[in-house]
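**Student:** Okay, here's the structure, questions in a sec.
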């Protein structure tokens, strides 16, 4: 009976080591995957912070210089998120201190894609323009077109 007991105990120990090895391999793979994802996220945040954000802020400054005399101001509201973005900026046009019309969100997701969203005044999504080829200059042009569209609609409403 002692031999059978030792054989059974050896089998149990071998199975436990096998299970521990499987769990350890899964844990290692999960940890490596999480580290890789965190590294990608940090790269994307750094790219947003060092390249895209300064260019968008420069475009915002240029637009506001042109609008200043008319009492119109384009404000940028930096945001963390919302999903799928890691960082984004919400642009709102103000006429005489009051927000007007649609909003524009430009954001950067965790895969490194720059996306532009057109939103209604309550921030409900109207249109998304994702593009792997979309760069900060293209976003600046879209920002200028957005301002022109809102201004045209505002002045048409005043004249009409």
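The values are calculated or read from the model by the stated rules, or taken from the named source; none is laboratory data. Keep in mind that this is a model prediction, so the values were computed, not measured. All Cβ positions, glycine included, derive from the backbone under ideal geometry; neighbour counts span all protein chains shown.
**Student:** Within region 61-88, track down each residue that is under 12 Å from residue 106 (Cα atoms) and either at pLDDT 80 or above or in a strand (DSSP E or B) (or both).
**Tutor:** If the condition is that a residue be under 12 Å from residue 106 (Cα atoms) and either at pLDDT 80 or above or in a strand (DSSP E or B) (or both), then 76, 77, 78, 79, 85, 86, 87, 88 are the ones that fit.
**Student:** Still on this structure: Given the criteria within 15 Å of the chain's Cα centre (by Cα) and either assigned to a strand (DSSP E or B) or surrounded by 10 or more Cβ atoms within 10 Å (Cβ to Cβ) (or both), does residue 54 qualify?
**Tutor:** no
**Student:** Among 144, 111, which is the only one that is surrounded by fewer than 12 Cβ atoms within 10 Å (Cβ to Cβ) and in contact with a helix residue (DSSP H, G or I) (Cβ under 9 Å, 6 or more places away or on another chain)? Quick ask: steps written out before the conclusion?
**Tutor:** Numbers: 144 fails: surrounded by fewer than 12 Cβ atoms within 10 Å (Cβ to Cβ).
Only one candidate passes the filter, namely 111.
**Student:** Further, regarding this structure: Quick test for you: out of 158, 125, 129, pick the one residue that is surrounded by fewer than 18 Cβ atoms within 10 Å (Cβ to Cβ), within 29 Å of residue 42 (Cα to Cα) and free of Cβ contacts under 8 Å to residues at least 12 places away in the same chain.
**Tutor:** Working: 158 fails: within 29 Å of residue 42 (Cα to Cα); 129 fails: free of Cβ contacts under 8 Å to residues at least 12 places away in the same chain.
Answer to the check: 125.
**Student:** Here's another thing I want to ask about it. Considering only residues that are within 24 Å of residue 157 (Cβ to Cβ) and touching a residue at least 40 places away in the same chain (Cβ under 8 Å), look in region 71-92 and name the one that is farthest from the chain's Cα centre (by Cα).
**Tutor:** The extreme case among them is 72.
**Student:** Here's something else I'd like to know. Can you name every residue in region 93-111 that is in a loop (DSSP other than H, G, I, E, B) and either under 13 Å from the mean Cα position of the chain (by Cα) or in contact (Cβ under 8 Å) with a residue 60 or more places away in the chain (or both)?
**Tutor:** Selection gives 110, 111.
**Student:** State whether the residues of region 135-157 include one that is modelled with pLDDT under 80, part of a loop (DSSP other than H, G, I, E, B) and under 22 Å from residue 52 (Cβ atoms).
**Tutor:** Yes, region 135-157 contains a residue that is modelled with pLDDT under 80, part of a loop (DSSP other than H, G, I, E, B) and under 22 Å from residue 52 (Cβ atoms).
**Student:** Further, regarding this structure: Count, please, the residues in region 99-122 that happen to be over 21 Å from residue 57 (Cα atoms) and modelled with pLDDT of 85 or more.
**Tutor:** Residues meeting the conditions: 3.
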